[in-house]
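Single-structure report; data block below.
The values are calculated or read from the model by the stated rules, or taken from the named source; none is laboratory data. Being a predicted model, the structure only gives us computed values, none of them experimental. Positions of Cβ are generated from backbone atoms using ideal geometry, with glycine treated the same way; all protein chains shown enter the neighbour counts. Accessible surface areas use protein heavy atoms only, side chains included; no ligands, DNA or RNA. Shrake-Rupley method; radii C 1.70, N 1.55, O 1.52, S 1.80 Å.
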Amino acid sequence: MAFLGRSNVGKSSLLNALVGRRAVARTSRTPGKTRQFNYYLVNGLLYFVDLPGYGYAKVSRSERERWGRFIGRYVSEREPLQLLIHLIDSRHPPTDLDLGVLELVKGGDVPYVIALTKSDKLSGNGRTRAEKRVQDLLAGYGIEAAVVLTSAETRRGLDELLDWIDTLTTT
Ligand code: GTP
Ligand code: MG
């Protein structure tokens with residue numbers, strides 16, 4: 001399964017929290033830390049793939065375009081990909097690049113879950129609003145997918161996310 005989301009959204013942190021170890025994937029305050037596809041074998045059964053973040057301003061336009069094409073192919077053609085976990089910052093409206101991911105997902109048949117990250121930074125009301133905003137967006141795209149409020153800090157939503165991983169993958 002692959003973790004996809006804009007730069008600095010918290011992909012590496014969430015992956016570490018799910019695996020239950022501190023330093024499996026490298027995290028950083030500096031966006032653009034993950035620049036390659038990093039594969040982590042979990043329980044000898046499946047790979048978590050930490051994808052590079054998108055929308056990182058310091059990356060050249062041509063590099064960004066190449067990345068976009070590559071990710072597009074990766075999610076639409078990559079047969080071993082069992083689940084795409086799309087991370088969106090719970091504090092902000094989805095970006096144009098997030099909407100681009102929805103476009104890709106809409107046309108494909110990869111199982112898909114949205115994890116709203118850093119939900120520890122929001123109040124209860126804020127979390128409810130963030131969840132509703134994304135659910136409404138999905139409805140507009142005609143995509144049926146679970147939306148899970150998560151936090152790598154408080155571990156909110158991690159059990160629920162693991163349940164979805166269990167349900168949607170076949171290993
Ligand atoms: P790139 O590899 O650059 O694409 O970033 P990434 O998506 O892997 O983000 P990363 O996990 O490195 O986290 C970015 C920053 O957000 C770090 O400073 C993390 O400590 C912080 N962060 C990640 N998850 C959480 C969370 O659940 N809560 C809070 N409060 N901060 C978080
Ligand atoms: Mg990273």
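Structure values in brief
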quantity: Heavy-atom SASA rank of T150, T95, T128 (probe 1.4 Å, accessible area, largest first); calculated: T128, T95, T150
quantity: Simple spin-label estimate for T169 and E77 in nanometres, 7 Å along Cα-Cβ; calculated: 2.4 nm
quantity: Label-to-label distance, nm, for residues given as L99 and R69 (7 Å Cα→Cβ offset); calculated: 2.4 nm
quantity: Alpha carbon centroid spacing (whole Å) that separates segment 120-171 from segment 69-86; calculated: 20 Å
quantity: Rounded FRET efficiency, nearest 0.05, which uses the C-beta distance separating L41 from E160 and R0 of 22 Å; calculated: 0.40
quantity: Segment 134-140 - phi-based ³J(HN,Hα) in whole Hz, Karplus 6.51/-1.76/1.60, Gly and Pro as x; calculated: 6, 5, 4, 4, 4, 4, x
quantity: 5 angstrom amide H check on L83, placed H, neighbours 5+ away; calculated: A2
quantity: Added length on full extension, which subtracts the Cα-Cα distance from 0.36 nm per residue, R129 to I143; calculated: 3.1 nm
quantity: Nearby aspartates and glutamates by direct alpha-carbon distance to K121 (threshold 20 angstrom, same-chain neighbours under 8 apart not counted); calculated: D89, E131, E153, D159, E160
quantity: Amide H contacts of G10 (H built 1.01 Å from N, under 5 Å, at least 5 apart or other chain); calculated: none
quantity: Sequence-distant residues sharing a close amide H with I88 (under 5 Å, placed H); calculated: A115, L116, T117
quantity: Residue-span extension gain [D120 to V19] - 0.36 nm each, minus C-alpha spacing; calculated: 34.4 nm
quantity: Loop-located GluC sites (Glu not before Pro) in segment 81-171, at most 11 other Cβ atoms within 10 Å (DSSP); calculated: E144
